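Data first, discussion second: the structure below is written as structure tokens.
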């Protein structure tokens, strides 16, 4: 590896790992709430999951490069990378964040084996949430461990912090009563056969003694009478008569024979 590439990776791999981890966390928070609000097709759901997993794989790749470069240049030993808190608190936070990120990525890859299994699915969500403490541990590790951060590094970390805070605020807002009402309204508007902005109204029971009840009852009886008259008329026409007159009365008498 050339010195310029090694220097570039030494200064940027850790930052890129945190940026990719931040994008993974933010996408997971927002996509979960959006999927709960807007009914998507199976292809759209698979696409959302693919983006989330791709961001997680990117975070793992930058983490592996960060660890390899730091150990190769002697900035940290193998024990500090493998054993959390064996070489100080700040390096220990980085190692702990790495293990938590690997655990979250492994549970994400095995998601299909746990989804839809009740209690096991809830445990999977708890273990997969290790990405949140991993992000919290990586933030002070990147800012305080090693050399003083450059201005662009501090700006990147501030943007990461703002993005995660905004995603958490969005989730808290969606879980509030007002957010649930908005979610129910969006679901009702997305159903086929409903106008945008209007949900389906529940049908009110009709009282028998009310004017509407008398109208409905009278209309039903009138329809039944018309249907009955139509059935009788059709039967008479089939028998050779017209409506209201029996077919036997209108039937022509048989012709007498030639020698009758």
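The values are calculated or read from the model by the stated rules, or taken from the named source; none is laboratory data. Being a predicted model, the structure only gives us computed values, none of them experimental. Cβ: placed from backbone, ideal geometry, glycine included. Neighbour counts: every protein chain shown.
Worth pointing out:
- Qualifying residue in region 126-143 (condition: more than 17 Å from residue 98 (Cα to Cα) and at pLDDT 90 or above): no
- Enumeration of residues in region 78-87 that are farther than 17 Å from residue 138 by Cα and touching a helix residue (DSSP H, G or I) at 6+ places or on another chain (Cβ under 7 Å): 78
- Odd one out for residue 87, checked against (1) surrounded by 15 or more Cβ atoms within 10 Å (Cβ to Cβ); (2) at pLDDT below 85; (3) in a helix (DSSP H, G or I): (3)
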